[in-house]
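Quick notes on the structure that follows.
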Amino acid sequence: MKEAIAGTLESGDIMVTVGPGKGLEIELQSSVAAQFGRQIKAVITETLEGLGIEDAHVQAIDKGAIDCTIRARVTAAAVRATGKDVWKD
Amino acid sequence: MRNSKVVSLEEAVKRSGLKDGMTISFHHHFRGGDKVVNLVVDKLAQMGFKDLKLAASSLSDVHKPLIEHIKNGVISGISTSGLRGDLADAISHGLMKEPVVFRSHGGRGSAIAKGELKIDVAFLGASSADELGNACGYSRSENAKSICGSLGYALPDARYAKHVVVITDDLVAYPNMPMSISAADVESVVVVDSVGDSSKISSGAIRDSKNPRDILLAKQAAKVIINSGYFKDGFSIQTGTGGASLAAVKYIREEMLSRGIKASFALGGITAHMVKLHEEGLIGKLIDVQSFDKVAAESIKDDPMHQEVSAVEYASGEHPGSATHALDIVILSALEVDTDFNVNVLVGSDGIIRGAIGGHQDTAADSALSIIVCPLLRGRIPCVVPHVTTLITPGKSVDVVVTEYGIAVNPARPEIAEKLKEAGLNIVDIKDLAAKAKSIIGTPDPLPFGDKVVGIVMNRDGSVLDKIYNILQ
């Protein structure tokens, strides 16, 4: 696994960086952390586990993204990081 | 001239008899460009005053230096319509020992008139004044340096404060006519380089939106008005400062032209949009408590049918002659609306103060038809919620809520719901809107509030509506 990024810092988006790590380590900065930090981390974890990734360091800078956006950005970052194209395979 | 009241700021303060613990007041007509609050409070700090109570008509980002004056004990109490920026953030986290008292513009006017809010010394910025203190929010001289238009929020202060200091950046020949503040109410006149940056009047809350969602909301709001039963010749209207409510005016204009309907007056914060309709003959008169941009400020100077009003005459709940009592339709924005139609325009969904009551309470309560326009979500933040974070405008004064997912009508106004349904609008239950928001974003965790009261929200009649607690994160 190499380090890869997906997403932007626009309002309503989330910028996700996925790289090598041990276990799932998630660093989250969010404009809505107090109310949604727990849910955002849960969505990131579920998405990565769904892709079979159990070891990764994730840095996420969230600007109020909703769950479908988070899933899309995490998936794209993971595909870029692992080189495994989940959409094709 | 004989009897000139012109003195230095320091001399004016000495003359006023100001003492520690007293109340000083300011208006916010220069909005984000205001220079008077910081100038005066800096001077009072230098002169060694402590424990002053600051009664502003509103405060914004530009008043960040007050943070230091609060820490140093110069300012120990604040009352205002709103707070924004770093000052709001610091106060939300518990900067002050005393809670900030929030009042609507009409509520502040009433409180001053009734003596509930006693002002010892008012420091009132003006774009022109003569040596006796006849003052105005614009200047007709060649040396005009600033313009803010209406001085509506300063007029109760000028009338009821024990001592009034006018601060101007254009001292003009006596008599400064027509005047807003009369020399009869003024004790001292202070001349400074600048009272405010007029280019920043339309900063802060006011946005001219190109956002497609705002435009959709504006079109829906316009349809609500047009089909509400109140859209007929001679109607009156007020709009808030949100992008969608300003844009709605454009669509209402088109319908006024096509049906040959004219409005009798527009009220409140007056914008260039309203001035344009007035100049086209579509709105007979403008009643202006606050000029929201330079176009409006110039118009109040030049147009006799564009009338300045004081906050009391504008929106006092107890003054039977106040203009809101004659208002048909108001379009307002919201940070949050709840399933009981209660509205919050003051505290963000992160628990941090980021807005102002303004005329929200006043116009919603007194108008015949109050319409709240807000998106269902802002990013991940829901705007239609089970319970508002802070209660500002009680649901009983809110009639219609317009979102991009449908229009909710207060069950207390079934006749309006009926008319809008007949017009083919998508009328939904407000509980369904809250459920829709929840289905997209999930249930937010509760905000980490502490147990210190940082703000008290007053209703316009002087009763307490809600309390704001410190936020811990």
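Can you give the FRET efficiency for B:VAL453 and B:MET1, using 1/(1 + (r/R0)^6), R0 = 51 Å, r = Cβ-Cβ distance, to the nearest 0.05?
Computed FRET efficiency for B:VAL453 and B:MET1 comes out at 0.50.
Can you compute the radius of gyration and Dmax for chain B, using only the Cα atoms, both in Å?
Values for chain B (Cα only, Rg and Dmax): 21.9, 72 Å.
From the phi angles alone, apply the Karplus equation (6.51, -1.76, 1.60; θ = phi - 60°) to segment B:182-198 and give each ³J(HN,Hα) in whole Hz, x where the residue is Gly or Pro.
With the stated coefficients, segment B:182-198 comes to 8, 3, 4, 9, 10, 9, 9, 10, 10, 9, 10, 5, 8, 8, x, 9, 5 Hz.
Please compute the modelled spin-label separation between B:ILE440 and B:LYS232, points set 7 Å along Cα→Cβ, answer in nm with one decimal.
Between B:LYS232 and B:ILE440, the label points sit 3.7 nm apart.
Is segment B:176-259 rounded, prolate or oblate when judged by the Cα gyration tensor, a ≥ b ≥ c being the square roots of its eigenvalues, rounded requiring a/c under 1.5 and prolate requiring a/b larger than b/c?
It is oblate, given that a/c is not under 1.5 and a/b is not larger than b/c.
For the protein assembly as shown, what is the mean residue ellipticity at 222 nm derived from helices alone (per DSSP H run of n ≥ 4: -39500 (n - 2.57); sum divided by total residues; nearest 500 deg cm²/dmol)?
-9000 deg cm²/dmol
Just check segment B:1-75 against the gyration tensor rule for me: Cα atoms, a ≥ b ≥ c as the square roots of the eigenvalues, rounded for a/c under 1.5, and otherwise prolate or oblate depending on whether a/b exceeds b/c.
Because a/c hits 1.5 or more and a/b fails to exceed b/c, segment B:1-75 counts as oblate.
Measure nothing fancy, just the Cα-based angle from helix B:105-114's long axis to the longest principal axis of chain B, in degrees from 0 to 90, nearest 10.
The helix B:105-114 is inclined about 50 degrees to chain B.
Only Lys, Arg, Asp and Glu count, each charged at its Cβ (+1, +1, -1, -1), so figure out the dipole size of segment B:1-116 about its Cα centre, rounded to 20 debye.
Value, rounded to 20: 420 debye.
Give the residue list of trypsin sites (Lys or Arg not before Pro) in segment B:80-151 that are DSSP loop and have at most 16 other beta-carbon atoms within 10 angstrom.
Within segment B:80-151, the qualifying trypsin sites (Lys or Arg not before Pro) (loop, at most 16 other Cβ atoms within 10 Å) are B:LYS97, B:LYS118, B:ARG140.
Please give the peptides A:9-16, B:13-20, B:154-161 ranked by average Cβ packing (other Cβ atoms within 10 Å per residue), highest first, as a rough proxy for protection.
Ranking, from highest mean packing down: B:154-161, A:9-16, B:13-20.
Which value, in debye to the nearest 20, describes the size of the charge dipole of segment B:215-260 about its Cα centre when Lys and Arg Cβ atoms bear +1, Asp and Glu Cβ atoms bear -1, and nothing else is charged?
Dipole magnitude for segment B:215-260 comes out near 60 debye.
Got a sec to turn the phi values of segment B:11-22 into Karplus ³J(HN,Hα) couplings, 6.51 cos²θ - 1.76 cosθ + 1.60 with θ = phi - 60°, whole Hz, x for Gly and Pro?
Ordered by residue, 3J(HN,Hα) equals 5, 4, 5, 4, 4, 5, x, 4, 10, 3, x, 7 Hz.
Once the Cβ-Cβ distance between A:ARG38 and B:HIS387 is put in as r, and R0 is 25 Å, what FRET efficiency do you end up with, to the nearest 0.05?
Approximately 0.80, to the nearest 0.05.
Can you compute the modelled spin-label distance between B:SER8 and B:ARG140, with each label point 7 Å from Cα toward Cβ, in nm?
So the two model labels end up 3.4 nm from each other.
Could you put B:LYS223, A:LYS2, B:LYS162 in order, starting from the residue whose Cβ has the fewest other Cβ atoms within 10 Å?
By the 10 Å Cβ count, ascending: A:LYS2, B:LYS162, B:LYS223.
Hey, rough spin-label estimate for B:ALA412 and A:GLU10, points 7 angstrom out along Cα→Cβ, what's it come to in nanometres?
So the label points at B:ALA412 and A:GLU10 sit 4.1 nm apart.
With respect to the cross-link table entries B:LYS50/B:LYS200; B:LYS35/B:LYS285; B:LYS14/B:LYS301; B:LYS19/B:LYS97, which display a Cα-Cα separation exceeding 24 Å?
B:LYS50/B:LYS200; B:LYS35/B:LYS285; B:LYS14/B:LYS301, as the Cα separations exceed 24 Å there.
Report, in degrees rounded to the nearest 10, the 0 to 90 angle that the Cα long axis of helix B:430-441 makes with the longest principal axis of chain B.
The angle comes out near 90 degrees.
Under a Cβ-Cβ cut-off of 15 Å, what is the net charge of the residues other than B:SER110 that fall near it, where Lys and Arg count +1 and Asp and Glu count -1?
It works out to a net charge of -1.
Check which residues have an amide H placed less than 5 Å from B:ASP34's amide H, if you skip close sequence neighbours.
B:ASP197
Give, as ranges by residue number, the residues of segment B:434-473 whose backbone N falls under 17 Å from the point 7 Å along Cα→Cβ of B:LYS396.
Correct set: B:458-466.
Can you list the HN-Hα couplings for segment B:92-103, worked out from phi with the Karplus curve (6.51, -1.76, 1.60; θ = phi - 60°), rounded to whole Hz and with x for Gly and Pro?
Result, rounded to whole Hz: 4, 8, x, 4, 9, 6, 8, x, 6, 9, 9, 10.
Quick one: angle between helix B:243-259 and the longest Cα principal axis of chain B, in degrees between 0 and 90, rounded to 10, please.
70 degrees
What residues qualify as long-range amide H neighbours of B:VAL100, i.e. H under 5 Å apart, gap of 5 or more or another chain, H built at 1.01 Å from N?
B:GLY455, B:ILE456
Calculate, for A:SER31 and B:SER258, the FRET efficiency according to 1/(1 + (r/R0)^6) with r their C-beta to C-beta distance and R0 45 Å; round to the nearest 0.05.
0.55
Amide H neighbours of B:VAL428 under 5 Å, at least 5 residues apart or on other chains, H built in the peptide plane: list them.
Here B:ILE407, B:ALA408, B:VAL409 satisfy the definition.
Normalise the Cα radius of gyration of the protein assembly as shown by 2.2 N^0.38 Å (N = residues in it) and let me know the number.
1.05
Label chain A by shape, choosing from rounded, prolate and oblate, from the square roots a ≥ b ≥ c of the eigenvalues of the Cα gyration tensor; if a/c is under 1.5 it is rounded, and otherwise prolate applies when a/b is larger than b/c, oblate when it is not.
It comes out prolate by the Cα gyration axes.
We did not get these values from a lab; they are worked out from the coordinates using the rules stated. No experiment lies behind these values; they were computed from the predicted model shown. Note: ideal-geometry Cβ built from the backbone for every residue, glycine included; neighbour counts use all protein chains shown.
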